[in-house]
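Reviewing the structure listed below.
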Amino acid sequence: MPIIVGLRRQPLHLVMALVFVAGLLVATIAATATSARADGCYTWTRTLSQGASGEDVRQLQIRVAGYPGYGQHLSIDGQYGPHTTAAVRDFQAAYGLSADGVAGPQTFNKLYQLQDDDCTPIHFTYSEMDDGCGGSGFDGGALSESATRANALRTMWELEALRHALGDQPLHISSAFRSYPCNSSVGGASNSQHLYGTAADLTGAHSLCTMAAQARHHGFGGIFGPGYPGHDDHTHVDIRTSNAWSAPSCGI
Ligand SMILES: [Zn+2]
């Protein structure tokens, strides 16, 4: 070790201290390179790749659900199959990581950067998604409060992917989850996706057509925008898993 050369005439305890400090430095660098840090929301403890299964895979799938490929929808089933591999690869590419489809420390650290301690992506909050008529919470809709909340979380991760793909400009949510009374008061469809926590009406820095077109790449089965009745002032997206897209003024 070069650090010791030239120190032969120094007192032994000083040499030993320097060696000790150098050793700590090497150990610290090694730890940084091989393991991801703990996170306030969720911490992965193993590298995940195709064939893996479990809750850690399911947690990963929620966060890469916005990268299923054009017109596709990722199953949140805890099974790391070829579709999860492809989604992880697209997520990695979107953030400039080496795109191998294997979720290791580099991928997890990026996810930790992108999530708040309540597991929402950093640019979206539950309070943007909850009762759209000025109330709060996820009760009074078509599903249990916890199921609605889980849908809202997945919706936000898909929105984060859409936001990133559009250059990280803000997306504004004008309406998301609605309780039945709220949905009735705004004239929503009786079976509206807004009752399930799966939908968001968007305005923002982009044209409505730009958002509608890009949303097709990020897992949104429902897309309604300009030219579709009642949608000339916002683009509606939802995470249903069969595609129903209509924005005639945008060529969609
Ligand atoms: Zn809507």
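The values are calculated or read from the model by the stated rules, or taken from the named source; none is laboratory data. Nothing here was measured: the structure is a model prediction, and the numbers come from that model. With ideal geometry, Cβ positions are generated from the backbone for all residues, glycine too; neighbour counts draw on all protein chains shown. In case anyone asks, the SASA skips ligands and DNA or RNA and just uses the protein heavy atoms, side chains included. Shrake-Rupley method; radii C 1.70, N 1.55, O 1.52, S 1.80 Å.
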Subset of region 99-122 [aliphatic (A, V, I, L, M) and within 12 Å of the chain's Cα centre (by Cα)]: 111, 114, 122
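Yes or no: residue 59 over 13 Å from the mean Cα position of the chain (by Cα), among the polar types (S, T, N, Q) and open to solvent by 20 Å² or more (accessible area, probe 1.4 Å)?
Details: over 13 Å from the mean Cα position of the chain (by Cα): no; among the polar types (S, T, N, Q): yes; open to solvent by 20 Å² or more (accessible area, probe 1.4 Å): yes.
No; evaluated as a whole, the condition is false for this residue.
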Checklist (1) at pLDDT 95 or above; (2) closer than 30 Å to residue 188 by Cα applied to residue 82, failing item: (2)
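From 222, 230, 197, grab the single residue that is within 10 Å of the ligand (Cβ to nearest atom) and open to solvent by less than 10 Å² (accessible area, probe 1.4 Å). Give the steps one after another, and end with the answer.
On the way: 230 fails: open to solvent by less than 10 Å² (accessible area, probe 1.4 Å); 197 fails: within 10 Å of the ligand (Cβ to nearest atom).
So the residue among 222, 230, 197 that is within 10 Å of the ligand (Cβ to nearest atom) and open to solvent by less than 10 Å² (accessible area, probe 1.4 Å) is 222.
I'm trying to understand the selection: among the residues of region 193-211, which are of a type in the set (A, V, I, L, M) and modelled with pLDDT of 95 or more?
195, 199, 200, 202, 208, 211
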Breaking point among (1) within 13 Å of the ligand (Cβ to nearest atom); (2) at negative phi; (3) open to solvent by 30 Å² or more (accessible area, probe 1.4 Å), for residue 241: (1)
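Test residue 179 against the stated conditions and say whether it is without any contact (Cβ under 8 Å) to a residue 60 or more places away in the chain and more than 13 Å from the ligand (Cβ to nearest atom). First the steps, then the outcome.
On the way: without any contact (Cβ under 8 Å) to a residue 60 or more places away in the chain: yes; more than 13 Å from the ligand (Cβ to nearest atom): yes.
In short, yes.
Check whether at least one residue in region 176-194 is over 21 Å from residue 75 (Cα atoms), open to solvent by less than 20 Å² (accessible area, probe 1.4 Å) and in a helix (DSSP H, G or I), and report yes or no.
Let us first name the residues in region 176-194 that are over 21 Å from residue 75 (Cα atoms), namely 176-192.
Going one step further and asking which of them are open to solvent by less than 20 Å² (accessible area, probe 1.4 Å), we end up with 176-177, 179, 182-183, 192.
Going one step further and asking which of them are in a helix (DSSP H, G or I), we end up with 182-183.
Checked against the condition, which is being over 21 Å from residue 75 (Cα atoms), open to solvent by less than 20 Å² (accessible area, probe 1.4 Å) and in a helix (DSSP H, G or I), region 176-194 yields at least one hit.
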Region 200-211: number of residues that are away from the ligand (no atom under 15 Å from the Cβ) and either closer than 21 Å to residue 144 by Cβ or open to solvent by 40 Å² or more (accessible area, probe 1.4 Å) (or both): 4
Region 145-167, residues that are part of a loop (DSSP other than H, G, I, E, B) and in contact (Cβ under 8 Å) with a residue 24 or more places away in the chain: 166
Which numbered condition residue 153 fails, given (1) away from the ligand (no atom under 16 Å from the Cβ); (2) under 20 Å from residue 70 (Cα atoms); (3) open to solvent by less than 30 Å² (accessible area, probe 1.4 Å): (2)
